[in-house]
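*Asks:* This is the structure I want to talk about, given as C-alpha cells.
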Amino acid sequence: MPNQPAETIDHTDLVFRALASKPRREILRLLATGADDERCCSADEVCACVFAETLDLGAPTVSHHMKTLIGAGLVTSRKRGLWVYYRLVPDAMCELLNELKAMTGKEDRCPNPLQSA
C-alpha cells in the first residue's frame, strides 16, 4: 500500500498505527497502571525517564513513540522543568473500544463520560 499524505489518513488509522508497535503498547500499559516510581511520577502521570528505564529504550526512541501516541490522541504531555510527563486520554481509549465493538456488531458500548455529565 503506498504511503498516504498525512491529511488523508483517518483518525482511526492513526490510532491503529500507533497501537501496531509493541513498545507503544507497553507505554500505554505503563500509563494505565501507573509507574512504581515515586521519584518522579504521580498516580496519573509518568515521566519519560521511566519509559526509557523500564523498556530499555533511548531518549530519542521514547520521544519518537510519544510523538506518535500524542499524534493519535491517546496521550497528552506537559513539560515540568527538564522532564516531560505523560498521561492517557481516557476518552480516546473509550472511543477506541467503541470502534472495536462497532466492528463486532455488539450493542454494549463503553459509556462516554462527557455525555453522562
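The values are calculated or read from the model by the stated rules, or taken from the named source; none is laboratory data. The model shown is predicted, which means the values in this text are computed figures rather than measured ones. Please note: Cβ atoms are built from the backbone with ideal geometry, for glycine as well, and neighbour counts cover all protein chains shown.
*Asks:* Out of the residues in segment 43-58 that are exposed (fewer than 14 other Cβ atoms within 10 Å of the Cβ) and within 15 Å of residue 77 (Cα to Cα), state the one that is modelled with the highest pLDDT.
*Replies:* Checking each candidate, the answer is 44.
*Asks:* While we're on this one: Do you know which of the residues in segment 69-113 that are in contact with a strand residue (DSSP E or B) (Cβ under 9 Å, 6 or more places away or on another chain) and either assigned to a loop (DSSP other than H, G, I, E, B) or more than 20 Å from residue 44 (Cα to Cα) (or both) is modelled with the lowest pLDDT?
*Replies:* 89
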